[in-house]
Structure formats: structure tokens, C-alpha cells
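Since the structure comes first, as C-alpha cells, the remarks are kept for the end.
Just so it is clear, none of the values below were taken in a lab; they were calculated from the coordinates. What you see is a predicted model; the values in this text were computed from it and never measured. Please note: Cβ atoms are built from the backbone with ideal geometry, for glycine as well, and neighbour counts cover all protein chains shown.
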Amino acid sequence: MMRLTARGLNSILRNLRVSIPAEVKRELLDTYGHFATDDEGHVFEYTEQDICEQLRKKLRPYEKRQQGGATLS
């Protein structure tokens with residue numbers, strides 16, 4: 001289980017050579033940087049796989065624009 005940190009997100013963006021708007025960065029940190037609660041109020045953490053998959057989906061459009069069509073694997 002894990003939470004996304006600003007340092008972790010910056011590292012991922014640097015490694016992928018992708019830059020994203022500040023509002024997208026805030027959205028990712030707000031969503032994946034905190035514990036989540038379900039409809040019944042139970043607290044849970046995202047898995048590393050959950051976070052990686054969601055980052056892949058969110059960053060794909062920015063990566064395509066900046067790297068001429070390459071995508072995350």
C-alpha cells in the first residue's frame with residue numbers, strides 16, 4: 001500500500017520526461033496522496049499498481065504531445 005507524494009510524482013515525471021500542468025499535478029496528489037474512503041466510510045490505501053495504472057492513463061496525453069507519440073508501457 002502506498003500514497004503518492006510530491007517527490008515521487010516529480011521523480012516519475014522527470015524519468016518519463018513529461019511535464020504536466022500544475023492543476024493536473026494537484027489533482028493527482030489530492031486523489032492518490034491521501035487515504036481514500038468508500039461510501040461506508042472505510043479507509044483504504046491505493047496499491048502501487050493502482051497508482052501506476054492511473055498515472056499511466058492521466059499522463060498518456062501529455063507524453064504523446066511531448067515525445068511524438070510514444071506511450072507508457
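A few comments on the model shown:
- Residue 34-residue 17 pseudo-label distance in nm [points 7 Å out on the Cα-to-Cβ vector]: 3.6
- About the centre of its Cα atoms, the chain shows a dipole size close to 720 debye [charges on the beta carbon of Lys, Arg (+1) and Asp, Glu (-1) only; nearest 20 debye].
- Amide hydrogen proximity for residue 46: with H placed 1.01 Å from N in the peptide plane, the residues at 5 or more positions away or on another chain lying under 5 Å are 2, 36.
- Dipole axis of region 6-66 (+1 Lys, Arg; -1 Asp, Glu on Cβ), positive-most option in 16, 42, 59: 16
- Distance between the 7 Å Cα→Cβ label points at residue 44 and residue 24: 2.7 nm.
- Folded to 0 to 90 degrees: helix 22-32 orientation relative to the chain principal axis, Cα: 40
- Packing around the peptides 52-58, 42-48, taken as the average count of other Cβ atoms within 10 Å per residue, puts them in this order, highest first: 52-58, 42-48.
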